[in-house]
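Pasting in a structure now, in structure tokens, and then I'll have a few things to ask.
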Amino acid sequence: MNYQQFFRLLVCVSLYGVAFIVLGCVTFRIQSQPLRIWIIVNIGIVGLMFILNFNLMLFHFYLKFRGQTTYDFIIQRRQNQVRQVQQQMPTNLWYIFFLYLSTSKKQNKKIIIRINIES
């Protein structure tokens, strides 16, 4: 698949971020005061992006270790959520009917739609 290119991209972006931060720190003493503020702001932004990129890289290393694709992970997560909702739903039809009768007309439509979607 295209995981190898994706990992290469993540590693290159991470290396660029590290290089930018290191060069910004090295040139910090040489620059004038307004440029120092600009360097600090850029180092902060690049540092934040590096952290986010690193989390993304760790997540995909985890998926690669499990032998899963991102799509498989999303589908599995949705199926788990549907199972949890189905387990939490009452199975007694009289209880559902009572809920239907005891709510307002606006809420009734939501309950009907919710029951139809989740069942």
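Out of the residues in segment 1-48 that are within 22 Å of the chain's Cα centre (by Cα) and over 27 Å from residue 65 (Cβ atoms), state the one that is most open to solvent (accessible area, probe 1.4 Å).
45
Inspect all residues belonging to segment 61-83 and state whether any of them is of a type in the set (Ser, Thr, Tyr), over 28 Å from the mean Cα position of the chain (by Cα) and either surrounded by 12 or more Cβ atoms within 10 Å (Cβ to Cβ) or modelled with pLDDT of 80 or more (or both).
Pass one, segment 61-83, residues of a type in the set (Ser, Thr, Tyr): 62, 69-71.
Checking which are over 28 Å from the mean Cα position of the chain (by Cα) leaves us with none.
For segment 61-83, residues of a type in the set (Ser, Thr, Tyr), over 28 Å from the mean Cα position of the chain (by Cα) and either surrounded by 12 or more Cβ atoms within 10 Å (Cβ to Cβ) or modelled with pLDDT of 80 or more (or both): absent.
Could you list, in sequence order, all residues of segment 49-60 that are open to solvent by 70 Å² or more (accessible area, probe 1.4 Å) and free of Cβ contacts under 8 Å to residues at least 12 places away in the same chain?
Across segment 49-60, the qualifying residues are 51, 52, 55, 58.
What tally of residues in segment 61-85 results from selecting those that are touching a residue at least 24 places away in the same chain (Cβ under 8 Å) and not in a helix (DSSP H, G or I)?
Residues in segment 61-85 being touching a residue at least 24 places away in the same chain (Cβ under 8 Å) and not in a helix (DSSP H, G or I): 1 in total.
The values are calculated or read from the model by the stated rules, or taken from the named source; none is laboratory data. Note that this is a predicted model, so its numbers are computed, not measured. A quick note on method: Cβ atoms are made from the backbone with ideal geometry, for glycine too, and the neighbour counts reach across all protein chains shown. Surface areas here come from the heavy atoms of the whole protein model, side chains and all, with no ligands, DNA or RNA. Shrake-Rupley method; radii C 1.70, N 1.55, O 1.52, S 1.80 Å.
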